[in-house]
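Here's the structure we're looking at; comments come further down.
The values are calculated or read from the model by the stated rules, or taken from the named source; none is laboratory data. On a predicted model such as this, the values are computed, not experimentally measured, just so you know. Virtual Cβ from ideal backbone geometry, glycine too; neighbours counted across all protein chains shown. Each accessible area value is taken on the protein alone, full model and side chains, heavy atoms only, with ligands, DNA and RNA left out. Shrake-Rupley method; radii C 1.70, N 1.55, O 1.52, S 1.80 Å.
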Amino acid sequence: MPHRPHDPPDVAAPSGGYSHGLAVDPGARYLFISGQIPTRPDGSVPDTFAEQCDAAWGNVVAVLRAAGMTVADLVKVTTYLTDRDQVAENRAVRQRHLGAARPALTVVIAQTLDPAWLLEIEAIAATTA
C-alpha cells in the first residue's frame, strides 16, 4: 500500500469512515480526480440525493478504474454538499462505496455550478502499482 493512515491518539477518533491524515510513499503515482457531478453516462441527473450521490461516486470509481486504481487508492476526498441535511445520507452512501477504504475527507456546504446538482465530489488517489 502506498499510503499509511495517521490517526494520533491526542486527536478525537475519526467519526464517519475517514483517516485524519495519510502519508503517501515516495515514488507513488498520483491521480487527481476533477469534481465529479451527479450526471449519469446518458446525461441524466437523478432526482433524489441518494441517487445523485451514487451517480457521483460511480463517476469517481469509473475514473479510478480507467487509471487502473480502486477506492483503496484514494488518499483525499472532498465532497461539496448543497445542504447540511444531506450529511448523514452522504456518509452512508460514501461508506457503502468506500468499504474498508479510509481516505482523508472534507465535506463542505456550498452551491454547485448547476442548481440541479446536489453534490460534487473531487478526489486524489495514489498507488505504486
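Observations on the structure shown:
- Length-normalised contact order of the chain in % [C-alpha pairs under 8 Å, at least 6 apart]: 38 percent
- Charge tally in the Cβ shell below 12 Å around Tyr18, where Lys, Arg are +1 and Asp, Glu are -1, Tyr18 excluded: +3
- Diffusion coefficient (Stokes-Einstein, Kirkwood radius over C-alpha pairs, 25 °C, 0.890 mPa s) for the chain: 163 µm²/s, rounded to a whole number.
- Annotation: per residue accessible area for the chain equals 53 Å², rounded to a whole number [probe 1.4 Å, protein chains only].
- Scaled against 2.2 N^0.38 Å for its residue count N, the alpha carbon radius of gyration of the range 26-69 is 1.34.
- Estimated from helical segments only, the mean residue ellipticity of the chain at 222 nm is -7500 deg cm²/dmol, where each DSSP H run of four or more residues counts as -39500 (n - 2.57).
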